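The values are calculated or read from the model by the stated rules, or taken from the named source; none is laboratory data. It should be emphasised that the depicted structure is a prediction, and the values quoted were computed from it without experimental measurement. Because the Cβ atoms are built from the backbone with ideal geometry, glycine has one as well, and the counts that use them run over all protein chains shown. Ligands, DNA and RNA are excluded from the accessible area calculation, which covers all protein heavy atoms including side chains. Shrake-Rupley method; radii C 1.70, N 1.55, O 1.52, S 1.80 Å.
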Amino acid sequence: RFGSFFTSPLFTESATGRELNAIESENAKNLQSDTFRLYQIEKSRSNSAHPFSKFFTGNKATLLDGTKKAGLNLRQELIKFYSSYYSSNQMSLAVVAPQPLSQLKDMIKTSFSSIPNREAPPPELS
C-alpha cells in the first residue's frame, strides 16, 4: 500500500490542500525550534552557490501565494513535477525489518516494482 504513494498518488484538490496545511503546520513548529534555528544559521553561512544554502521548508505563502502570483496552478505544478522526476532511476529505498531477506525482497518487489523508470534527470537546483 505504501508503494501506491509513488506509483499512483492522489493529486486531488482536497489532498493537495491537506498537504499544504500540513506543510504550514510543520513550518510553524520549526520556527519555534532552537535546533531548526541553528540549522538555518548554518545554511545561511554556507556557500550561496551550493544547494545546501537554499530554502529548506515551505509554507502557504511560498507554496500557494507565490505560485498564484506567478500565474501558476500549484496542483498542476505538482503533477508536472511528479511526471518529470518521480522515476525509479532517481529513487533509493532502505528497509529495516525483522523478516528474512527473501520475504523482504518479495514484499518490496510487490510494493515498488511498478514505479516507472522514466530515465529522469536529477531535478534542477535553483
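Brief remarks follow.
- Within the set Q99, Q90, Q103, the sole residue that is under 16 Å from the mean Cα position of the chain (by Cα) and modelled with pLDDT of 90 or more turns out to be Q90.
- Taking the criterion of being basic (K, R) and either in contact (Cβ under 8 Å) with a residue 12 or more places away in the chain or in contact with a strand residue (DSSP E or B) (Cβ under 7 Å, 6 or more places away or on another chain) (or both), the residues of the range 68-124 that qualify are R75, R118.
- Within the range 5-53, tally of residues that are touching a residue at least 24 places away in the same chain (Cβ under 8 Å), closer than 23 Å to M91 by Cβ and either in a helix (DSSP H, G or I) or touching a Pro at 6+ places or on another chain (Cβ under 6 Å) (or both): 6
- Residue within the range 60-68 that is in a helix (DSSP H, G or I), of a type in the set (A, V, I, L, M, F, W, C) and farther than 21 Å from I23 by Cα present: no
- Residue list for the range 9-59, filter: open to solvent by 50 Å² or more (accessible area, probe 1.4 Å), polar (S, T, N, Q) and more than 30 Å from F112 (Cβ to Cβ): Q32, T35, Q40, S44, N47, S48
- Candidates T62, T67, filtered to the one that is modelled with pLDDT under 90 and open to solvent by 60 Å² or more (accessible area, probe 1.4 Å): T62
- F5, sole failed condition from (1) of a type in the set (F, W, Y); (2) within 16 Å of the chain's Cα centre (by Cα); (3) open to solvent by less than 70 Å² (accessible area, probe 1.4 Å): (3)
- Residues in the range 70-115 that are open to solvent by less than 60 Å² (accessible area, probe 1.4 Å) and among the aromatic types (F, W, Y): Y82, Y85, F112.
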